[in-house]
Amino acid sequence: MAEQKVKAGLDGVIATETDISFLDVENEEIVIKGYDLIELAEKKNYLDLVHLLYEGSLPDQQGRLSIESDLKREYALPEHFFELFSKLPKETHAMDAMRTGISALAGYDPNIDDRSAAANKEKALKVLAKIPNIVANSYHTLQGDQPVAANPDLPYSSNFLYMITGKEPSNLEAETFDQLLMVYSEHEMPNSTFTARVIASTNSDIYGAMTGAIASLKGPLHGGANEAVMHMLLEGETVEGLTTLMHEKLRNKERIMGFGHRVYMKKMDPRAMLMKKALHKLAVEQGREDLYEMCERGEDIIREEKGLYPNLDYYAAPVYYLLNIPIPLYTPIFFAARVVGLGAHVIEQHDNNRLYRPRVHYTGPRGLHP
Ligand SMILES: CC(=O)SCCNC(=O)CCNC(=O)[C@H](O)C(C)(C)COP(=O)(O)OP(=O)(O)OC[C@H]1O[C@@H](n2cnc3c(N)ncnc32)[C@H](O)[C@@H]1OP(=O)(O)O
Ligand SMILES: O=C([O-])CC(=O)C(=O)O
């Protein structure tokens, strides 16, 4: 085998062809099916994006309503599903509870072995319909609280937020949460999407691919960073407190959560810029400009000291916070928003499949005998 250079972490390696999305770093654009994600997030809503990824075009009003009513028909979970969560240890992390829920859905799918594009699309939309219920109510159950039933009169994303907080969101809260789902929806080939595609490439099913993706996303180098960011902001408490804390972390050579990105690294994540604006609006409405100022100061310190820029998780975390979302649900919501992108990747993988099976550069001993 010809000698190849190992790229640690597969940095820069092209893993597949796709027509779903692309990070155009030069032009600072996250391309989703030809559209700029940020422009979509400013002008359209989450279900438009779902339609774009599954039908290949942005919907008219009728198309959007039709996808919404299809989802609403599938909101309910199988009977006794919550007994599963009530039997888990109370300490179970919300990501692990959600992972159990998604994995369990497989057993209820009579067409589990149908990997056609049509069947996969149906399965992905079912997961999308049920995931607010799984995220919110696995959490409530583990907290010893009553589940919150879906309110079918609310739009999809408002209902998701309502099921988490138990309170109907204001217009600004609903708009912000919808935008949050959009910016998290799809992002080319992060570790979790790669994981899902690797699993799908064995011709395994979409539930397995998504279950694996959840495990990947839980890690603090990936989705788990948003929770860590909020703990850091709360520990900092004030602009001065955060300044001291960040300098201390830098002195101790700790990684600062919410900064840096494999693909952007020396540029600010465009999604973080949008969430920064959303944070400002919410902070002004709630008289929490102090939180905004603290985040901005943190951004300046890490740029000046390390030349690193915020990624999406840095500005999404305080947005979640002002939306009254419990911290353990930040990463599950990231995953819930990403279901739409992951589903599209599994469909694409199964449609044109070749098993992922790379090789290694062996550095161990040879010629030993027992
Ligand atoms: C929505 C998302 O999932 S975005 C990612 C969320 N994750 C985080 O916010 C976790 C914090 N960030 C990180 O750990 C990294 O920036 C990652 C994992 C996201 C990307 O990492 P990689 O591309 O593998 O870069 P790598 O880890 O090799 O870092 C390169 C250099 O930058 C430094 N660096 C990168 N990110 C950070 C950070 N957040 N804090 C401090 N230093 C950092 C590394 O220490 C390293 O320095 P060195 O060359 O002197 O050793
Ligand atoms: O792209 C990545 O590596 C991580 C990320 O920002 C995401 O999944 O949204």
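All of the numbers you see were taken from the coordinates with simple rules; none came from a lab. Only a predicted model underlies this, so the values are computations on that prediction, with no experimental measurement involved. Here the Cβ is made from the backbone with ideal geometry for all residues, glycine too, and neighbour counts use every protein chain on show.
Among THR244, THR165, THR363, sorting on how many other beta-carbon atoms sit within 10 Å of each Cβ, with the fewest leading, yields THR363, THR244, THR165.
How about segment 278-370: which chymotrypsin sites (Phe, Trp or Tyr not before Pro) there are in a DSSP loop, with at most 13 other Cβ atoms within 10 Å of their Cβ?
Working: sites: TYR292, TYR314, TYR315, TYR320, TYR321, TYR330, PHE334, PHE335, TYR356, TYR362; in loops: TYR356, TYR362.
Taking segment 278-370 and a limit of 13 other Cβ atoms within 10 Å, the loop chymotrypsin sites (Phe, Trp or Tyr not before Pro) found are TYR362.
Here's the picture: a label point sits 7 Å out from the Cα of ASN171 along the beta-carbon direction, and within segment 32-60 the residues with their amide nitrogen under 17 Å of it are 43-45.
For the chain, what are the DSSP H helices with axial Cα length of 27 Å or more and mean Kyte-Doolittle hydropathy of at least -0.5?
Length and hydropathy pass: 117-142, 330-351.
Rounded, prolate or oblate: which one fits the chain, using the alpha carbon gyration tensor with axes a ≥ b ≥ c (rounded when a/c is under 1.5, else prolate when a/b beats b/c, else oblate)? Rounded.
For GLU39 and THR244 in one chain, what is 0.36 nm times their gap in residues minus the Cα-Cα distance, to one decimal in nm?
On the way: separation 205, 0.36 × 205 = 73.80 nm, distance 3.66 nm.
That pair, GLU39 and THR244, stretches by 70.1 nm at full extension.
Full extension of the chain between GLU293 and HIS80 yields a length gain of 72.1 nm, computed as 0.36 nm times the residue separation minus the alpha carbon distance.
Hey, got a sec? Which GluC sites (Glu not before Pro) in segment 58-106 land in a DSSP loop and have at most 13 other Cβ atoms within 10 Å? Can you show the working numbers first?
Values: sites: GLU68, GLU74, GLU79, GLU83, GLU91; in loops: GLU74, GLU79, GLU91.
Hits after loop and neighbour filter: GLU79, GLU91.
In terms of modelled amide H atoms, which long-range or inter-chain residues lie less than 5 Å from the amide H of PHE259? Placed amide hydrogens put ASN311 under 5 Å from PHE259.
Here the residues VAL183, VAL346, ranked from fewest to most Cβ neighbours within 10 Å of their Cβ, fall in the order VAL183, VAL346.
For ASP70 and ASN353, what is the calculated FRET efficiency with R₀ set at 41 Å and r taken between the beta-carbons, to the nearest 0.05? Could you put the intermediate results ahead of the total?
Working: r = 27 Å, r/R0 = 0.66.
The value I calculate is 0.95.
Phi angles across segment 257-267 convert, under the Karplus curve 6.51 cos²θ - 1.76 cosθ + 1.60 with θ = phi - 60°, into 3J(HN,Hα) values of 5, x, 10, x, 6, 4, 9, 8, 6, 9, 9 Hz, Gly and Pro given as x.
Between segment 1-61 and segment 115-189, the C-alpha centres lie 22 angstrom from each other.
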